[in-house]
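This report concerns only the one structure given below.
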Amino acid sequence: MTAAIGAGMAVLTGIGAGFGIGLATSKAVEAVARQPEAESKISKLLLLGCALAEATAIYGFVIALLLLIL
C-alpha cells in the first residue's frame, strides 16, 4: 500500500516538469517577440532547459516504477 502511495507521489513530478516547460516556452516566445535577432540563442537555451525539466519527470517515473516493481 505504501509503495503505491510513494509511486503516485513520484509520478507527480510530471506536473512540475509540465509547468516548468510551459513557463519556459512562454518566456522564450516573449523574448523572441522582443528580440527576433536573438532567436538562435534563445532556442538553444530553451531546448536545454526543456531537456533538464523533462529529465526530472523521467526520473520521477523511473522511481515510481521501481517502487511498484520492487
Going by alpha carbons, how many degrees (0 to 90, nearest 10) lie between the helix axis of 2-11 and the longest principal axis of the chain? 10
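Please report the relative contact order for the chain, taking Cα pairs under 8 Å with a sequence separation of at least 6, and give it as a percent rounded to a whole number.
On the way: 55 pairs, mean separation 41.1, N = 70.
Computed over the chain, the figure is 59 percent.
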Quick check: the angle from helix 39-69's long axis to the longest principal axis of the chain, C-alpha only, nearest 10 degrees? 0
Under a point-charge model restricted to the Cβ atoms of Lys and Arg (+1) and Asp and Glu (-1), what is the dipole moment magnitude of the chain relative to its Cα centre, in debye to the nearest 20? 80
I'm checking a number: the convex hull volume of the Cα atoms of the chain, normalised per residue, in Å³. What is it? 45
Can you compute the label reach from Lys41? Point 7 Å from Cα along the Cβ direction, backbone N cut-off under 18 Å, restricted to segment 3-31. 27-31
Gain on full stretching of the segment that runs from Ile58 to Thr25 - 0.36 nm per residue minus C-alpha separation: 10.0 nm
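Rule-based calculations on the coordinates, nothing more; no lab input. None of the values given here were measured: they were computed from a predicted structure. Glycine gets a Cβ as well: all are built from the backbone with ideal geometry, and neighbour counts include every protein chain shown.
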